[in-house]
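Have a look at the structure below, then the notes.
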Amino acid sequence: MTNQPHILLTGASRGIGKSIHEALEAGAGRVIGHASRAKGNLVGADFAMPGAASDLWAQAMERLDGRVDVLVNNAGIFQANPLDGSDIAWLDSWEETMRINLTASAELCRLAVRHWQETGRPGRIVNVASRAAYRGDSPAHWHYAASKAGMVAMTKSIARGYGSDGILAFAVCPGFTMTGMADDYLASRGGPELLKDIPLGRVAETSEIADIVKFCALDAPPSMTGAVIDANGASFVR
Ligand SMILES: NC(=O)c1ccc[n+]([C@@H]2O[C@H](COP(=O)([O-])OP(=O)(O)OC[C@H]3O[C@@H](n4cnc5c(N)ncnc54)[C@H](OP(=O)(O)O)[C@@H]3O)[C@@H](O)[C@H]2O)c1
(Lines give C-alpha, C1' and ligand atoms only; values in the text may rest on other atoms or scores of the structure.)
Protein backbone atom coordinates (compact mmCIF):
# COMPACT_ATOMS: atom_id res chain seq x y z
CA MET A 1 0.00 0.00 0.00
CA THR A 2 1.25 3.48 -0.89
CA ASN A 3 1.86 6.15 1.75
CA GLN A 4 -1.42 7.87 1.01
CA PRO A 5 -3.85 5.38 -0.49
CA HIS A 6 -6.41 6.77 -2.91
CA ILE A 7 -9.84 5.42 -2.01
CA LEU A 8 -13.26 5.41 -3.65
CA LEU A 9 -16.07 4.76 -1.14
CA THR A 10 -19.70 4.40 -2.17
CA GLY A 11 -22.63 5.28 0.08
CA ALA A 12 -20.64 7.70 2.22
CA SER A 13 -23.45 10.12 3.08
CA ARG A 14 -24.86 8.41 6.17
CA GLY A 15 -25.02 5.26 8.25
CA ILE A 16 -22.18 2.78 7.98
CA GLY A 17 -20.63 4.60 5.01
CA LYS A 18 -20.31 7.86 6.91
CA SER A 19 -18.41 6.06 9.67
CA ILE A 20 -16.22 4.30 7.10
CA HIS A 21 -15.42 7.67 5.54
CA GLU A 22 -14.30 9.07 8.90
CA ALA A 23 -12.26 5.97 9.72
CA LEU A 24 -10.48 5.92 6.35
CA GLU A 25 -9.64 9.60 6.53
CA ALA A 26 -8.30 9.08 10.06
CA GLY A 27 -6.24 6.26 8.55
CA ALA A 28 -4.58 8.82 6.25
CA GLY A 29 -6.43 7.81 3.10
CA ARG A 30 -7.36 10.30 0.39
CA VAL A 31 -11.03 9.42 0.12
CA ILE A 32 -13.58 10.24 -2.54
CA GLY A 33 -17.00 9.60 -1.04
CA HIS A 34 -20.16 9.02 -3.00
CA ALA A 35 -23.93 9.31 -2.49
CA SER A 36 -26.96 8.94 -4.73
CA ARG A 37 -26.90 12.70 -5.27
CA ALA A 38 -24.02 15.17 -5.01
CA LYS A 39 -23.80 16.71 -1.53
CA GLY A 40 -20.87 18.81 -0.31
CA ASN A 41 -17.73 16.93 -1.32
CA LEU A 42 -19.59 13.72 -2.14
CA VAL A 43 -19.83 12.71 -5.79
CA GLY A 44 -23.41 11.97 -6.86
CA ALA A 45 -24.39 8.87 -8.83
CA ASP A 46 -27.79 7.17 -8.66
CA PHE A 47 -27.04 3.48 -9.15
CA ALA A 48 -30.61 2.86 -10.23
CA MET A 49 -29.62 4.55 -13.49
CA PRO A 50 -27.60 2.66 -16.13
CA GLY A 51 -24.13 4.18 -16.58
CA ALA A 52 -24.04 5.71 -13.09
CA ALA A 53 -21.26 3.45 -11.83
CA SER A 54 -18.94 4.15 -14.75
CA ASP A 55 -19.64 7.90 -14.47
CA LEU A 56 -18.72 7.69 -10.77
CA TRP A 57 -15.51 5.82 -11.58
CA ALA A 58 -14.53 8.46 -14.14
CA GLN A 59 -15.18 11.29 -11.68
CA ALA A 60 -13.24 9.54 -8.93
CA MET A 61 -10.29 8.95 -11.24
CA GLU A 62 -10.30 12.62 -12.17
CA ARG A 63 -10.41 13.79 -8.56
CA LEU A 64 -7.74 11.25 -7.53
CA ASP A 65 -5.25 12.20 -10.27
CA GLY A 66 -5.86 9.00 -12.25
CA ARG A 67 -5.14 6.53 -9.47
CA VAL A 68 -7.47 4.48 -7.26
CA ASP A 69 -5.84 2.04 -4.83
CA VAL A 70 -8.86 0.93 -2.82
CA LEU A 71 -12.52 0.50 -3.75
CA VAL A 72 -15.10 0.16 -0.98
CA ASN A 73 -18.57 -0.84 -2.19
CA ASN A 74 -20.88 0.11 0.68
CA ALA A 75 -23.94 1.76 -0.93
CA GLY A 76 -27.05 -0.35 -0.70
CA ILE A 77 -30.80 -0.38 -0.17
CA PHE A 78 -33.03 -2.52 2.05
CA GLN A 79 -36.59 -2.15 0.79
CA ALA A 80 -39.46 -4.54 1.44
CA ASN A 81 -40.84 -6.39 -1.58
CA PRO A 82 -43.97 -8.27 -0.46
CA LEU A 83 -44.90 -11.38 -2.41
CA ASP A 84 -48.49 -10.25 -2.76
CA GLY A 85 -47.65 -7.12 -4.75
CA SER A 86 -48.42 -7.12 -8.47
CA ASP A 87 -46.10 -9.16 -10.70
CA ILE A 88 -44.56 -6.06 -12.23
CA ALA A 89 -44.12 -4.30 -8.87
CA TRP A 90 -42.36 -7.37 -7.46
CA LEU A 91 -40.08 -7.65 -10.50
CA ASP A 92 -39.28 -3.93 -10.51
CA SER A 93 -38.34 -4.07 -6.84
CA TRP A 94 -36.20 -7.19 -7.40
CA GLU A 95 -34.34 -5.54 -10.28
CA GLU A 96 -33.83 -2.23 -8.49
CA THR A 97 -32.26 -3.94 -5.48
CA MET A 98 -30.06 -6.08 -7.70
CA ARG A 99 -28.94 -3.08 -9.74
CA ILE A 100 -28.10 -0.87 -6.76
CA ASN A 101 -26.69 -3.52 -4.39
CA LEU A 102 -24.98 -5.90 -6.79
CA THR A 103 -24.71 -4.70 -10.38
CA ALA A 104 -23.27 -1.27 -9.56
CA SER A 105 -20.76 -2.90 -7.20
CA ALA A 106 -19.81 -5.38 -9.92
CA GLU A 107 -19.32 -2.61 -12.48
CA LEU A 108 -17.03 -0.73 -10.09
CA CYS A 109 -15.10 -3.93 -9.24
CA ARG A 110 -14.57 -4.59 -12.94
CA LEU A 111 -13.32 -1.05 -13.58
CA ALA A 112 -11.01 -1.27 -10.57
CA VAL A 113 -9.55 -4.65 -11.57
CA ARG A 114 -8.97 -3.44 -15.14
CA HIS A 115 -7.33 -0.24 -13.82
CA TRP A 116 -4.93 -2.28 -11.68
CA GLN A 117 -4.23 -4.73 -14.50
CA GLU A 118 -3.46 -1.87 -16.90
CA THR A 119 -1.23 0.01 -14.46
CA GLY A 120 0.38 -3.05 -12.88
CA ARG A 121 -0.37 -1.59 -9.46
CA PRO A 122 -1.77 -3.55 -6.52
CA GLY A 123 -5.29 -2.82 -5.32
CA ARG A 124 -7.86 -3.73 -2.71
CA ILE A 125 -11.62 -4.16 -2.84
CA VAL A 126 -13.83 -4.23 0.23
CA ASN A 127 -17.46 -5.18 -0.38
CA VAL A 128 -19.99 -4.51 2.36
CA ALA A 129 -22.40 -7.45 2.10
CA SER A 130 -24.63 -8.68 4.94
CA ARG A 131 -25.38 -11.51 7.33
CA ALA A 132 -28.33 -12.09 4.99
CA ALA A 133 -25.91 -13.52 2.40
CA TYR A 134 -25.59 -16.62 4.58
CA ARG A 135 -28.65 -16.59 6.78
CA GLY A 136 -31.24 -15.30 4.32
CA ASP A 137 -33.66 -12.54 5.22
CA SER A 138 -37.38 -11.94 5.76
CA PRO A 139 -40.03 -13.11 3.26
CA ALA A 140 -40.14 -9.55 1.87
CA HIS A 141 -36.37 -9.46 1.33
CA TRP A 142 -35.44 -12.36 -0.95
CA HIS A 143 -33.88 -9.85 -3.32
CA TYR A 144 -31.77 -8.24 -0.60
CA ALA A 145 -30.38 -11.58 0.60
CA ALA A 146 -29.71 -12.70 -2.96
CA SER A 147 -27.93 -9.45 -3.81
CA LYS A 148 -25.64 -9.82 -0.80
CA ALA A 149 -24.94 -13.50 -1.48
CA GLY A 150 -24.01 -12.43 -5.00
CA MET A 151 -21.64 -9.87 -3.58
CA VAL A 152 -19.91 -12.50 -1.44
CA ALA A 153 -19.52 -14.87 -4.41
CA MET A 154 -18.17 -12.03 -6.56
CA THR A 155 -15.65 -11.08 -3.86
CA LYS A 156 -14.35 -14.64 -3.65
CA SER A 157 -14.10 -14.86 -7.45
CA ILE A 158 -12.04 -11.66 -7.59
CA ALA A 159 -9.78 -12.80 -4.75
CA ARG A 160 -9.12 -16.14 -6.45
CA GLY A 161 -8.79 -14.67 -9.94
CA TYR A 162 -6.38 -11.81 -9.37
CA GLY A 163 -4.44 -12.50 -6.18
CA SER A 164 -1.32 -13.19 -8.22
CA ASP A 165 -1.61 -9.63 -9.62
CA GLY A 166 -1.62 -8.15 -6.11
CA ILE A 167 -5.36 -7.50 -6.28
CA LEU A 168 -7.00 -8.39 -2.96
CA ALA A 169 -10.71 -8.66 -2.16
CA PHE A 170 -12.58 -8.87 1.13
CA ALA A 171 -16.24 -8.96 2.10
CA VAL A 172 -17.69 -7.71 5.38
CA CYS A 173 -21.02 -9.11 6.55
CA PRO A 174 -22.67 -6.93 9.18
CA GLY A 175 -25.71 -8.07 11.10
CA PHE A 176 -28.12 -5.43 12.37
CA THR A 177 -26.22 -2.16 12.63
CA MET A 178 -27.65 0.99 14.20
CA THR A 179 -27.80 3.58 11.46
CA GLY A 180 -30.35 6.02 12.85
CA MET A 181 -32.44 6.70 15.92
CA ALA A 182 -32.67 3.44 17.89
CA ASP A 183 -36.46 3.23 17.91
CA ASP A 184 -36.78 4.01 14.22
CA TYR A 185 -34.01 1.62 13.33
CA LEU A 186 -35.44 -1.27 15.35
CA ALA A 187 -38.93 -0.65 13.94
CA SER A 188 -37.54 -0.81 10.39
CA ARG A 189 -36.01 -4.22 11.16
CA GLY A 190 -38.99 -5.79 12.91
CA GLY A 191 -39.04 -4.25 16.40
CA PRO A 192 -37.21 -4.83 19.70
CA GLU A 193 -37.85 -8.59 19.43
CA LEU A 194 -34.83 -8.85 17.16
CA LEU A 195 -32.52 -8.23 20.12
CA LYS A 196 -33.51 -11.60 21.61
CA ASP A 197 -31.78 -13.24 18.66
CA ILE A 198 -28.46 -11.47 19.28
CA PRO A 199 -26.36 -13.07 22.05
CA LEU A 200 -24.32 -9.89 22.38
CA GLY A 201 -27.55 -8.16 23.45
CA ARG A 202 -27.34 -5.22 21.08
CA VAL A 203 -26.99 -4.35 17.43
CA ALA A 204 -23.61 -3.24 16.03
CA GLU A 205 -22.44 0.36 16.01
CA THR A 206 -21.49 1.82 12.63
CA SER A 207 -18.00 2.52 14.00
CA GLU A 208 -17.49 -1.21 14.60
CA ILE A 209 -18.22 -2.04 10.97
CA ALA A 210 -16.05 0.90 9.88
CA ASP A 211 -13.10 -0.45 11.90
CA ILE A 212 -13.36 -3.79 10.07
CA VAL A 213 -13.63 -2.15 6.65
CA LYS A 214 -10.67 0.10 7.41
CA PHE A 215 -8.60 -2.91 8.45
CA CYS A 216 -9.41 -4.72 5.20
CA ALA A 217 -8.85 -1.59 3.11
CA LEU A 218 -5.51 -0.56 4.59
CA ASP A 219 -3.92 -3.14 6.86
CA ALA A 220 -5.12 -6.71 6.40
CA PRO A 221 -2.28 -9.06 5.45
CA PRO A 222 -2.48 -10.16 1.81
CA SER A 223 -2.94 -13.79 2.83
CA MET A 224 -6.38 -12.79 4.12
CA THR A 225 -7.63 -12.12 0.59
CA GLY A 226 -10.96 -13.81 -0.10
CA ALA A 227 -11.97 -13.59 3.56
CA VAL A 228 -15.55 -12.83 4.54
CA ILE A 229 -15.72 -11.21 7.96
CA ASP A 230 -18.86 -11.48 10.07
CA ALA A 231 -19.94 -8.78 12.54
CA ASN A 232 -23.30 -9.80 13.96
CA GLY A 233 -23.02 -10.23 17.74
CA ALA A 234 -23.05 -14.03 17.23
CA SER A 235 -26.62 -13.88 15.90
CA PHE A 236 -25.41 -16.09 13.05
CA VAL A 237 -22.35 -18.23 13.58
CA ARG A 238 -21.02 -20.30 10.71
N1 LIG B 1 -27.64 -1.15 8.75
C2 LIG B 1 -27.73 -2.47 8.78
O3 LIG B 1 -28.39 -3.06 9.68
C4 LIG B 1 -27.00 -3.31 7.76
C5 LIG B 1 -26.88 -4.69 7.99
C6 LIG B 1 -26.19 -5.46 7.06
C7 LIG B 1 -25.65 -4.88 5.93
N8 LIG B 1 -25.80 -3.55 5.72
C9 LIG B 1 -25.23 -2.98 4.48
O10 LIG B 1 -24.35 -1.92 4.79
C11 LIG B 1 -24.37 -0.95 3.76
C12 LIG B 1 -24.70 0.41 4.36
O13 LIG B 1 -25.94 0.29 5.02
P14 LIG B 1 -26.56 1.46 5.91
O15 LIG B 1 -27.53 0.82 6.83
O16 LIG B 1 -25.48 2.32 6.45
O17 LIG B 1 -27.40 2.24 4.80
P18 LIG B 1 -28.06 3.72 4.81
O19 LIG B 1 -27.86 4.39 6.10
O20 LIG B 1 -29.43 3.53 4.30
O21 LIG B 1 -27.16 4.46 3.67
C22 LIG B 1 -27.18 3.93 2.39
C23 LIG B 1 -26.12 4.59 1.54
O24 LIG B 1 -26.27 4.08 0.19
C25 LIG B 1 -26.56 5.17 -0.68
N26 LIG B 1 -27.57 4.81 -1.67
C27 LIG B 1 -28.86 4.45 -1.45
N28 LIG B 1 -29.51 4.31 -2.61
C29 LIG B 1 -28.61 4.60 -3.59
C30 LIG B 1 -28.68 4.67 -5.00
N31 LIG B 1 -29.83 4.46 -5.68
N32 LIG B 1 -27.57 5.01 -5.69
C33 LIG B 1 -26.42 5.26 -5.04
N34 LIG B 1 -26.28 5.22 -3.72
C35 LIG B 1 -27.37 4.91 -2.99
C36 LIG B 1 -27.12 6.27 0.21
O37 LIG B 1 -26.96 7.53 -0.42
P38 LIG B 1 -28.06 8.72 -0.19
O39 LIG B 1 -27.80 9.30 1.17
O40 LIG B 1 -27.80 9.68 -1.30
O41 LIG B 1 -29.41 8.07 -0.29
C42 LIG B 1 -26.29 6.09 1.47
O43 LIG B 1 -25.04 6.73 1.35
C44 LIG B 1 -25.44 -1.41 2.76
O45 LIG B 1 -24.84 -2.08 1.68
C46 LIG B 1 -26.28 -2.38 3.58
O47 LIG B 1 -26.91 -3.36 2.80
C48 LIG B 1 -26.46 -2.74 6.61
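Taking the residues in region 177-216 that are in contact with a helix residue (DSSP H, G or I) (Cβ under 8 Å, 6 or more places away or on another chain) and among the polar types (S, T, N, Q) as candidates, determine which candidate is farthest from the ligand (Cβ to nearest atom).
Ser207
When you look at Tyr185, is it surrounded by fewer than 23 Cβ atoms within 10 Å (Cβ to Cβ), modelled with pLDDT of 95 or more, out of contact with any Asp or Glu (no Cβ under 6 Å at 6 or more places or on another chain) and of a type in the set (Phe, Trp, Tyr), yes or no? Break it down stepwise before answering.
On the way: surrounded by fewer than 23 Cβ atoms within 10 Å (Cβ to Cβ): yes; modelled with pLDDT of 95 or more: no; out of contact with any Asp or Glu (no Cβ under 6 Å at 6 or more places or on another chain): yes; of a type in the set (Phe, Trp, Tyr): yes.
Judged against the criteria, Tyr185 is not a match.
Can you list the helices (runs of 4 or more DSSP H) lying wholly within region 1-120 that have 1 or more residues being more than 23 Å from Leu218 (Cβ to Cβ) and within 14 Å of the ligand (Cβ to nearest atom)? Let's see the steps before the verdict.
On the way: elements: 15-26, 52-63, 87-97, 104-119.
Filter on region 1-120 gives 52-63, 87-97, 104-119.
Given (1) surrounded by fewer than 18 Cβ atoms within 10 Å (Cβ to Cβ); (2) under 21 Å from His6 (Cβ atoms), identify the lone condition not met by Glu107.
(1)
How many of the residues in region 193-214 are surrounded by fewer than 18 Cβ atoms within 10 Å (Cβ to Cβ) and within 22 Å of Ile16 (Cα to Cα)?
Qualifying residue count, region 193-214: 12.
Could you give every pair whose Cβ atoms fall below 8 Å, whose first residue belongs to region 2-17 and is farther than 15 Å from Phe47 by Cβ, and whose second residue is of a type in the set (Lys, Arg), counting only separations of at least 6 or pairs across chains?
Gln4/Arg30; Pro5/Arg30; His6/Arg30; His6/Arg67; Ile7/Arg30
Among the residues of region 67-75, is there at least one that is without any contact (Cβ under 8 Å) to a residue 40 or more places away in the chain and surrounded by fewer than 17 Cβ atoms within 10 Å (Cβ to Cβ)? Spell out the reasoning first.
Residues of region 67-75 without any contact (Cβ under 8 Å) to a residue 40 or more places away in the chain: none.
No, region 67-75 contains no residue that is without any contact (Cβ under 8 Å) to a residue 40 or more places away in the chain and surrounded by fewer than 17 Cβ atoms within 10 Å (Cβ to Cβ).
The values are calculated or read from the model by the stated rules, or taken from the named source; none is laboratory data. Predicted model, so just to flag it, every value in this text is computed and none were measured. Counting neighbours? That spans all protein chains shown, and the Cβs are built from the backbone with ideal geometry, glycine included.
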